[in-house]
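Here the structure is laid out as structure tokens; the discussion comes afterwards.
Here, each number is a calculation from the coordinates, and none is a lab measurement. All of these numbers come straight from a predicted model, not from anything done at the bench. Quick reminder, even Gly has a Cβ in these numbers, built from the backbone with ideal geometry, and neighbours come from all protein chains shown.
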Amino acid sequence: MSDQAWSTRMADSVMSRHPVITGKWAYEWGLLLKAILEVWRSTKQPVYFDYVKTNVDRFIGADGSINTYNPREYNLDNINPGKLLFSLYQITGDERYRRALALLKQQLDQHPRTSEGGFWHKQIYPHQMWLDGIYMASPFLAEYGSVFNDPACFDDVVRQITLIESHTRDPQTALLYHGWDETGNQQWANPQTGCSPHFWGRAIGWYLMAIPDVLEHLPQEHPGRNPLVAIFQKTVSAIQGVQDQTSGLWYQVLDRGNAPGNYLEASASCMFVYAIAKGIRQGYLEMRLCEVAQRAYQGILNTFITVDHQAQVNLNQICSVAGLGGTPYRDGSFEYYISEPVVTNDHKGVGPFILASIEMERL
């Protein structure tokens, strides 16, 4: 068995499998490249930075335009790859990246919102906030505020995170429902609360990863810091309550571990480890939670990781996709969440595995 860190082994495997990562501006590879950028930060090896830059540069025009990106879709997912542009701009000084950042910020300035100011997840999902969208846009907006001295961004980010929490928190379990429809009109929406009916692991994973990423950029004196830390701590405590005792991992539908068809799911488990380990390192979580993170990370290595005959690292048991509405079968039911394909090496699992590995290595 190699004594090389899991973060670099997985990053090397990704770069070997995907010399060119994608043909379309999309959140999934944005997440994966963000993880590889962190590998570069921790190793200082230029090969990782060059891989990120080469893949991003395929989309950025000389005028800062972004190939295949349509701002008029008003889709929060499209903001996520933009997080890579901050580092590229700061390291190279290339104005193309600054212009592309401004283009993405312009989408958020014009993005449709709920009556209380929450970003719709996408224009095609009117009046809806999803936990996923908090990860897609909030860390971007916080970093934009920090890099370009735009303090209004910080207030907006705090509003997004606190607003969705106020609508989706379940009073019994303290877990968060995947989505919320302000109108209550969606077929999946509870007519009283507007919430979808289940606790999907990866949705809470997106939300939990977002908060420590935002706190890195939110000014120390900002009045929203303490509320965000409190929300973070409460949500970590809630997922601790549904951690599988045998494996240390988490299920696709978090609170239905013993239900037929439910399964231990890799992307959510990796996201939770990243969020907990980073929260401990940043001082927002107590050191005693190291044990929770370590048990989960060992569970990931034992249950989900395989190494093939070419020494390539693979991550298995990743939910390929899950959403709400758009098609009749995406009804937010338990049966729906367990029916989506389960795949190997999906970016939405591999990115968080690399990020979790780096944080565990730092701890």
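Ordered by residue, what ³J(HN,Hα) values in Hz, to whole numbers, does the range 41-56 give under the Karplus form 6.51 cos²θ - 1.76 cosθ + 1.60, where θ = phi - 60° and Gly and Pro are x?
Taking θ as phi minus 60°, the curve returns 4, 7, 9, 6, 7, x, 4, 6, 4, 4, 4, 4, 4, 4, 6, 6 Hz for the range 41-56.
Show me 70-82, 44-56 ranked by packing, highest mean number of other Cβ atoms within 10 Å first.
70-82, 44-56
For every helix of n ≥ 4 consecutive DSSP H residues, a contribution of -39,500 (n - 2.57) applies; sum these over the chain, divide by its total residues, and give [θ] at 222 nm rounded to the nearest 500 deg cm²/dmol.
-16500 deg cm²/dmol
Using a Gaussian network model of the chain whose springs link C-alpha atoms within less than 10 Å, name the residue from HIS167, HIS309, HIS18 with the highest mean-square fluctuation.
Maximum fluctuation in the GNM of the chain, among the listed residues, is at HIS309.
For CYS195, what residues show an amide H to amide H distance below 5 Å, using hydrogens built from the backbone and excluding near sequence neighbours?
ASP181, ASN190
At what distance in angstrom do the alpha carbon centres of the range 280-345 and the range 79-124 lie from each other?
For the range 280-345 versus the range 79-124, the Cα centre distance is 27 Å.
Say R0 is 22 Å: what FRET efficiency, to the nearest 0.05, do GLN90 and GLN45 get from their beta-carbon distance?
After rounding to 0.05, the efficiency reads 0.70.
Out of the GluC sites (Glu not before Pro) in the range 109-186, which ones are loop residues according to DSSP with at most 16 other C-beta atoms within 10 Å?
Answer in residue order: GLU116.
Once phi is turned into ³J(HN,Hα) by the Karplus curve 6.51 cos²θ - 1.76 cosθ + 1.60 with θ = phi - 60°, what whole-Hz value does each residue of the range 212-222 show in order, with x for glycine and proline?
So the Karplus estimates, Gly and Pro as x, are x, 5, 5, 4, 4, 10, 6, x, 4, 8, 5 Hz.
Near the amide H of ARG113, under 5 Å away, which other amide H atoms are found, from residues 5 or more places off or on another chain, if H is placed in the peptide plane?
Here TRP120 satisfy the definition.
Over the chain, what relative contact order in percent results from Cα pairs under 8 Å that are six or more residues apart?
Reported as a whole number, the value is 17 percent.
Do any GluC sites (Glu not before Pro) in the range 258-306 lie in a loop, going by DSSP, with at most 12 other beta-carbon atoms within 10 Å of their beta carbon, and if so which?
The qualifying sites are GLU286.
Most mobile of MET136, MET209, MET287 per a Gaussian network model of the chain (Cα springs, under 10 Å)?
MET287
Taking the beta-carbon count within 10 Å as an exposure proxy, list VAL253, VAL20 from fewest neighbours to most.
VAL20, VAL253
Mind scanning LYS24/LYS53; LYS34/LYS278; LYS34/LYS122; LYS105/LYS234 and naming the pairs with a C-alpha gap bigger than 26 Å?
LYS105/LYS234
Using square roots of five times the C-alpha gyration tensor eigenvalues, list the equivalent-ellipsoid semi-axes of the chain in whole Å, biggest first.
The equivalent ellipsoid of the chain has semi-axes of 27, 26, 20 Å.
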